[in-house]
Amino acid sequence: KHSSTQSNLMALWMVPAILPVAHGSSSVGFIHHSGRPRLQKRLTALQRARTRRRQRATLSADESWEGFEYGETNWFLDDGGSSEVDNVAVSMHDEPQGFDYESAVEALSPLVSPDRLERLQTVISQRTNHCQFVFEAPTNPNNVWACLRTLDSFGIQHTSVIRRPGGYDRQRDINGNMNVALGSSQWLSMQEFQSASEAIGQLKDRGVRVYASDLQEDSTALTSLDVSQPFTIVLGNERTGISEEMRGLADETFFVPMRGFAESFNLSVACAVTCAYLSQMGGLKWGDLSEGERAAVMTEWLMRCVPGSQQVLERKGLRVPERLRRTRQ
């Protein structure tokens, strides 16, 4: 018995330093084992390490630029489960007004490493808004992830998504996954619309031509499109293609030349092939962003890289616009 009691005492000594103890009839509190101060220090050290890892994940977001995988890396998961996507990106087609983006870039640039800053500057110098993409009612978030990565790789800065309320099966699941997909677009300027007329109307108001992918007999080959003026490529739903409304709004419909039995590509493949053709045709005019547009986009990118960037800017006397306050840092 003595030996058994000794063993039990030793076992108690070896348990973690934090032990549960009842308070009253229902609640549970915690007491610290006074004999294990070193274990308490170890727990504190682990908490600090966990905090540092979280901070490192934020600080090194663009350090792992090359290894970032849309849909695989969970940097941008919605914390609140909102059914709406925050349109925090600066519009590439409106000159920024009311906020000094140049001063914001000047204030934030010293707070990132030289290598990171050089990478950001290199990428933004090759961005284009001569061509943009619109995705009409996509249903597969994985396809959206792949398309966004393709657009980023080809230097296309501006893209829009049309999401019609109630237009999907399994609405809640698809909406939730689509939010994550759109949230992965941290380097792109994203806009979201509820209808084709809303999305295309604002493009035509700026004189942008609209080319929609369609398999109709009267469609033009992609290689025959006029890409000398600013234009938009519209890619439709994976199952049904573009809507009748979009067909009527487009300036021209096109198809991607194919040589096999298949009549169409998967959405993400169609996006990549279209970008490759446009690149060959001279339709991607890299480096055509104005100084104001570059400063606006660079501000958003830097805010994503610098923890506490909003406070930094406000200490410099720059009142951050609401859309940038929602930029995930």
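FYI, it's all coordinate maths here, none of it is from the lab. Predicted, not measured: the structure shown is a model, and the values here were computed from it. Using ideal geometry, Cβ is built from the backbone for each residue, glycine included, and neighbour counts are taken over all protein chains shown.
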Least to most buried among R315, R294 (fewest other Cβ within 10 Å first): R315, R294
Sort the following peptides by mean Cβ neighbour count (other Cβ atoms within 10 Å, averaged over residues), highest first: 129-140, 104-115. 129-140, 104-115
Antiparallel versus total DSSP beta bridges in region 128-281: what percent is that, nearest 5? 5
Ordering 286-293, 298-305 by per-residue average of other C-beta atoms within 10 angstrom, highest first, gives 298-305, 286-293
Overall form of region 128-281 per C-alpha gyration tensor (a/c, 1.5; a/b vs b/c): rounded
Order the peptides 261-269, 120-128 from the highest to the lowest mean number of other Cβ atoms within 10 Å of their residues. 120-128, 261-269
